[in-house]
Structure formats: C-alpha cells, structure tokens
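Read through the structure below, which is laid out as structure tokens, and then see the notes.
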Amino acid sequence: MPEVTPDATLIIATSWQALSRAETGDERASICNCTVIIVFAAFFIEANLNHFIDKAGARGMRPAPTDFDGLHAKLAWVYNSFIADNPVTSADELANRLEEAFPGIQAIRTFRNGVSHGVIDRFVANLAEARRLRLAAKNIVDRLLAVARQNNIDIQRGIEYEMAIHSSDAGAAA
C-alpha cells in the first residue's frame, strides 16, 4: 500500500521495527515497543492529515487548521468540511461522530496525548492493542484518502508500504 508523505517511510519503519521487537515476546521491552507503535500510529495519521489539509485547505470550512492545532481539531475540520451533511459543533457529538467515521481515533488520540504529558496507559500499551490501533491508523488514513478522492482533492501516494519497511534509509534512520 503506498503512502503520501516523504516522512511516511520513517514513520512506518519505526512502527514496523517496534512491532517486530514486540512480537519477539521480550516482556522487558514490551510496554516500550507497544508505546512506540501506538504513538507512531498517531504520528502517521497526523502527517497524512497535515498533507490533506494543505491540499484541501481552500475548499474546506474556514479557517483551516494549522500545524499547531491538535489531531482532534484537524480531523474535526476534515469531518465537518467533507463528510458531515451539517457541521457538528457539540464536542461530545463530534467525538462520537469522529469515532464512527474513523474507528480507533479516540483511543489513539487519548494514548498519544497521555504520552505527550508523560503518562503511559499500561492497559493500552500491550501487543494486542498496539496491533489493533496500528491497523486502525492505516484504515483511518485510507479513509482520509478516500474522502480526498471523493472530493477531487489530488493527493498522490508515492511511497510503497513494503518499500518503506525494507528501506535501508528507513532502517538506518529508525
């Protein structure tokens, strides 16, 4: 599966390498590796969201989010601009709608935000959840790109996933 951003190679490779390490069964490093997997899943979503917003900014609701806005605000902008029939303004309703449209986003976002504040949810940082949320991130990005196609927003995917995880540049850098 090809990816959008040039940095996708590093993001994918870092996540893939952490997944490979977590799958070895070394319990001493499991929480660390699973944390890396989930945090990089969030980074992957956000990198693609940023690209989407750059390409679609003038077509969506104003103002478009900036790089400094959070993952939730960016995804909410995409949802309200290109998916919802009517913009959703209620915070609770918006959170529910985002989870319906992008399953797994709330768990990914909550985990990432916790880590950014120095808190690791050990109930989520396990191999089963890391796999589930990593796949959810890939599905969220696929959905974003489908929304782009449906709205004639030209976003090219250029980095093949298999190329990314086997890239010598990615392996050396990650």
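Modelled label-to-label distance, Phe123 and Asp69, 7 Å Cα→beta-carbon offset: nm?
The two pseudo-label positions are separated by 3.1 nm.
Could you tell me how many cubic angstrom of Cα convex hull volume region 1-126 has per residue?
Residue-normalised Cα hull volume stands at 125 Å³.
Sketch the reach of a paramagnetic label on Ser20 as a point 7 Å from Cα along Cα-to-Cβ, and name the residues of region 35-69 whose backbone nitrogen lies under 18 Å away.
Counting only backbone N, you get 35-38, 40-41.
How much net charge surrounds Leu135 when only other residues with a Cβ under 13 Å from its Cβ are counted (Lys, Arg +1; Asp, Glu -1)?
+3
For Ala29 paired with Arg149, estimate the spin-label separation in nm (one decimal), with each label point 7 Å from Cα along the Cα-to-Cβ line.
Taking the simple label geometry, Ala29 and Arg149 are separated by 3.8 nm.
Laboratory data are not the source of any read-out in this text; all were calculated from the coordinates shown. Bear in mind the structure is a predicted one, so any value in this text is a computation, not a measurement. Positions of Cβ are backbone-derived with ideal geometry, glycine not excepted, and every protein chain shown enters the neighbour counts.
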